[in-house]
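Single-structure report; data block below.
The values are calculated or read from the model by the stated rules, or taken from the named source; none is laboratory data. Everything numeric here is computed off the predicted structure, so don't read it as measured data. Note that we place each Cβ from the backbone using ideal geometry, even for glycine, and neighbour counts take in every protein chain shown. Heads up: the accessible areas ignore ligands, DNA and RNA and are worked out on the full protein's heavy atoms, side chains in. Shrake-Rupley method; radii C 1.70, N 1.55, O 1.52, S 1.80 Å.
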Amino acid sequence: MAIKIHPTAKIHETVVLGMNVTIGANVVIGPYCLIGMPGEHREKSAKDYGVYIGDNTTLTGLVTVDSGVEGITYIGENVYVMKHAHVGHDAIIRNNVTISCGVKIGGHTEIDPFANIGLNAVIHQNHHIAHWAMIGMGAVVPKGVIVRAGFTYVGNPAKCIGQNKKAPVDMFTMFSQNSEV
Ligand SMILES: CC(C)(COP(=O)(O)OP(=O)(O)OC[C@H]1O[C@@H](n2cnc3c(N)ncnc32)[C@H](O)[C@@H]1OP(=O)(O)O)[C@@H](O)C(=O)NCCC(=O)NCCS
């Protein structure tokens, strides 16, 4: 258990770090973030598998990322997380994901590359958000909703309204539209 911070990372003086946190190169962590606090789990919060934050990722401020209680909480490279967002214990946020203000990501949820989670969206624990998915502002994504790669979901419960306009145009030919990954 240790705190490892790459020398090029910029961590604001008000950030609170847990005991088991690894922070990569060029990471920026803005004011009042809490990184690596105990996972919010009634039985397992004493486990501290820690938090990993990959290179070039930014947490702008007031972001909370809880420590894993079964494995590490992982944030990949070039992830951008805006204020008041929360990343629950054991979540896996892969490279190039965008997480907007106020988003709540339940424990163990995995978010694949280039997905974009809009303002104040809520993702159920143990969920999977596929690459290049767009979750609209204010959406609630319950466990039964499968989020397909490259599609946009809005509302409560979230429903698909079509392709993500920001997804690369060729991805719908590169990947099967029926693949529920
Ligand atoms: C989901 C989103 C990407 C859709 O954008 P779009 O593809 O351009 O879609 P449109 O604005 O044309 O809307 C299409 C339909 O979905 C509805 N809709 C769009 N966003 C919605 C949302 N978040 N919740 C519910 N309905 C929504 C629109 O009202 C419209 O309905 P209609 O066809 O009945 O008129 C966008 O509305 C959104 O939520 N973006 C995220 C914004 C954000 O969080 N920004 C971060 C800023 S820091």
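Brief remarks follow.
- Hits in segment 28-57 (condition: assigned to a strand (DSSP E or B) and open to solvent by 30 Å² or more (accessible area, probe 1.4 Å)): 28, 34, 37, 52
- Subset of segment 15-27 that is of a type in the set (Val, Ile, Thr) and part of a loop (DSSP other than H, G, I, E, B) - its residue that is farthest from the chain's Cα centre (by Cα): 15
- Total residues in segment 1-40 satisfying the condition of being closer than 17 Å to residue 55 by Cβ and among the polar types (S, T, N, Q): the figure is 3.
- Top-ranked residue of segment 128-178 - restricted to ones that are among the hydroxyl-bearing types (Ser, Thr, Tyr) and more than 10 Å from the ligand (Cβ to nearest atom), ranked as modelled with the lowest pLDDT: 176
- Answer from 78, 96 - the residue that is in contact with a Pro (Cβ under 8 Å, 6 or more places away or on another chain) and either part of a loop (DSSP other than H, G, I, E, B) or modelled with pLDDT of 95 or more (or both): 96
- Residue 103 within 16 Å of the ligand (Cβ to nearest atom), under 10 Å from the mean Cα position of the chain (by Cα), at pLDDT 95 or above and open to solvent by less than 30 Å² (accessible area, probe 1.4 Å): yes
- Selection over segment 58-75 of residues that are open to solvent by 10 Å² or more (accessible area, probe 1.4 Å), within 21 Å of residue 14 (Cβ to Cβ) and part of a loop (DSSP other than H, G, I, E, B) gives a count of 2.
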